[in-house]
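The values are calculated or read from the model by the stated rules, or taken from the named source; none is laboratory data. Given the structure is predicted, the values throughout are model-derived calculations rather than measurements. Quick reminder, even Gly has a Cβ in these numbers, built from the backbone with ideal geometry, and neighbours come from all protein chains shown. Ligands, DNA and RNA are excluded from the accessible area calculation, which covers all protein heavy atoms including side chains. Shrake-Rupley method; radii C 1.70, N 1.55, O 1.52, S 1.80 Å.
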Amino acid sequence: MFRGILICLMFLGVALGADAKTKRALIVGVGDYEQLPDLHKTTGDATGYSEAFEGQLGFEVTRLIDPGTIEFLEALDGFLQSIEPGDEVAFIFSGHGWSDGADNFLALRDAPLESSEFALRRQTVSLSNDVLAEIKARRPGLLFAIIDACRDNPFDTGTRSVTRGLSRLEIVPGTLVVYAAGARQKALDRLGPEDDSPYSVFTRSLLPRLGDPEIPLLRSVDETRSEVAVLASSINHEQRPAIYSDVSLDYCFAGECRTDVALDQETVDWVEISSVGYTAVDPCTKYARHLEKYPDGKFAEVARRNLANPPCARTRLQLKSVSWFGDLSGHTDEVYGVDYSPSGRFVASASADHTARLWIVGMTPSLYGQSTELNGHTAPVLTVRFSPNEERLITASEDGTARIWSSLGEEARLVLDGHDNVVAYAEYSPFGDRVVTASYDKTVRVWNSRSGEEILRLSGHSAAVRSARYNADASQIVTASNDGTVRVWDAETGQQVRMVESGELPATYATFSANGDRILVASADKSARVWDDDGNMLELTGHEAPLWNATFSTDGEFVATSAMDLSGKIWDAETGAFLAGVQDLSMYGANWVEFSPDGKRLLVSMKGGGLQLWELTFGAD
């Protein structure tokens with residue numbers, strides 16, 4: 001299997017430990033590549049960071065410019081041997097990078113343009129295993145890492161490759177992670193052809209703020225994010241660095257922050273609302289709450305501007321066209337449940353042939369359609385879902401088990417075998433620490449995703465449970481059952497919170513909208529229904545047979561459905577109007593449908609054993 005290497009990451013991590021001793025930094029800039037496209041700002045970034053860390057921050061700096069893999073590893077080895085327990089350690093890399101879906105890799109000067117994935121993992125350097133884990137093993141008092149990988153996308157001059165491509169490192173206490181751009185955004189290397197700054201857009205904003213070691217680090221990062229967003233908007237580009245933090249708000253490189261720069265409560269709240277993890281209250285709600293609390297505050301103008309522009313300012317789109325994009329072939333029997341990975345680079349499928357597959361769909365054209373097979377179930381696999389960081393998948397099967405797999409394939413990492421009947425559905429919680437399973441034994445169970453220990457059991461349905469899904473903040477689970485009911489449960493206590501509907505025919509699937517204000521139900525009565533928090537219902541009718549599933553687009557504007565009438569349909573989620581059909585009345589019609597994260601494609605599983613991707617084109621009202 002071939003994998004292009006030009007995928008981008010901007011990662012910044014801090015891990016805190018014992019009292020610090022010596023300050024040491026290894027700073028690497030790679031721009032003069034033998035095979036990969038050259039990068040123009042990496043040497044400037046490495047030089048700028050070296051001056052900042054060696055000067056104002058007082059680090060002993062080792063700087064490498066354009067090293068090959070062996071030269072880098074030898075320098076890394078020497079750097080590691082110099083680290084003593086309690087040292088403050090910084091590692092900074094500017095250059096190309098790539099991900100295999102489970103780990104991120106750094107490309108040195110001699111990295112190949114294309115290679116087999118097996119070979120490429122051995123010709124580049126694992127960020128997690130070869131660098132960060134080795135540094136942590138030396139027990140530093142502080143680990144501060146900045147990884148700015150892949151500045152230029154050669155197919156789109158002026159931007160970096162999409163940051164969503166690389167897998168994310170798990171957040172642990174004392175860690176700060178910053179991506180140069182948010183999900184589905186591109187990180188700018190420069191503001192245009194005439195931009196003569198020696199630094200990338202993110203680096204030029206962060207560097208001046210690193211100059212004062214008595215300023216809280218989180219404050220510096222948050223101010224950097226705001227400045228980058230403004231700079232990007234000056235050329236009509238959307239780029240807002242994403243911050244995920246579990247670092248104290250008053251942490252400073254100097255050890256103690258200056259009292260004259262101590263954070264006031266409004267600043268504390270402003271940083272907090274944007275630093276609470278990968279999945280939380282949607283940002284538009286957070287801005288509105290902040291503005292309500294501080295209507296004349298120093299961040300009020302920024303909050304109002306964010307609320308006045310997309311995605312907060314709602315622009316209704318119309319579906320203009322639906323066209324076939326591509327096929328995915330490999331299963332030998334019907335394909336049932338499917339899922340899109342959070343980055344949009346991969347899809348997964350579950351099949352009656354007893355396997356699940358992971359497919360590449362969002363990388364280079366030469367890689368499209370390549371797949372990894374997950375073998376181990378002894379009966380049809382009904383559903384498959386990605387973990388939030390894309391490193392794992394979970395499958396549900398008629399063999400009575402759910403299984404957790406590495407996205408690299410191999411044998412199942414965990415087998416969850418506590419159910420007494422078919423496991424119809426399984427998925428990860430939004431934070432990845434738990435999984436939930438729904439079974440024909442009439443129960444729903446919540447498990448620890450690492451140990452496989454059962455944490456909670458939801459009992460109350462009187463027939464098979466077909467699906468169980470978390471809301472965005474993992475506080476609730478919605479279930480659909482053959483007993484005709486759809487129920488909402490407290491995800492911590494297991495208590496039923498709400499009965500959404502109760503009908504005579506089975507409810508085959510239920511899911512929350514992304515912001516949690518609506519619940520979408522697919523039913524065996526040939527219809528789908530959208531329920532709001534007040535109990536108001538919008539019915540979607542037009543199928544001629546029981547439905548398999550129904551799903552919201554990420555923005556909540558559209559609904560897609562699949563049914564036993566061999567069709568997939570797309571609907572307006574606000575009006576209930578039927579907009580388009582996919583594979584209407586084909587002999588290999590739709591078993592399951594799923595929107596891509598950006599809403600521009602629809603993934604359809606087929607009774608004939610294949611999958612199809614359909615391109616959706618939209619326009620404003």
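Computed with a 1.4 Å probe on the full set of protein chains, the accessible area for Y336 sits at about 60 Å².
Rounded to 0.05, the FRET efficiency of the E292 and Q35 pair, given R0 = 45 Å and the Cβ-Cβ distance, is 0.25. Say R0 is 41 Å: what FRET efficiency, to the nearest 0.05, do D433 and R498 get from their beta-carbon distance? Calculated value: 0.95.
Extension gain, D333-M537: 0.36 nm per intervening residue step, less the Cα-Cα distance, totals 69.8 nm. The fraction of accessible area contributed by carbon and sulfur in region 318-619 is 45 percent, rounded to a whole number (1.4 Å probe; ligands and nucleic acids excluded). May I ask for the Rg/Rh ratio of region 318-619, computed from Cα atoms with Rh as the Kirkwood radius, given to two decimals? Computed over Cα atoms, the ratio is 0.93. Probing with 1.4 Å while keeping every protein chain in the model, the per residue accessible area of region 318-619 equals 36 Å². Potential lengthening of the chain between S233 and D490 amounts to 88.4 nm, from the contour at 0.36 nm per residue minus the alpha-carbon distance. DSSP loop GluC sites (Glu not before Pro) in region 416-499 with at most 16 other Cβ atoms within 10 Å of their Cβ, which ones? Here the sparse-neighbourhood loop sites are E453, E492. Which residues in region 321-358 have a backbone N closer than 20 Å to a point placed 7 Å from the Cα of S116 along the Cα-to-Cβ line? Taking a point 7 Å out along Cα→Cβ of S116, the residues of region 321-358 whose backbone N falls under 20 Å are 358. Rounded to the nearest 20 debye, the dipole size of region 309-449 about its Cα centre is 820 debye, using +1 on the Cβ of Lys and Arg and -1 on the Cβ of Asp and Glu. The order of the peptides 196-202, 348-354 by mean Cβ neighbours within 10 Å, most packed first, is 348-354, 196-202. Pairs spanning more than 18 Å between alpha-carbon atoms, out of K320/K526; K23/K136; K569/K607: K320/K526.
At an R0 of 41 angstrom, the distance between the Cβ atoms of A379 and S128 translates into a FRET efficiency of 0.70.
Segment E574..S248, full-extension length gain: 113.1 nm, with 0.36 nm per residue of separation and the alpha-carbon distance subtracted.
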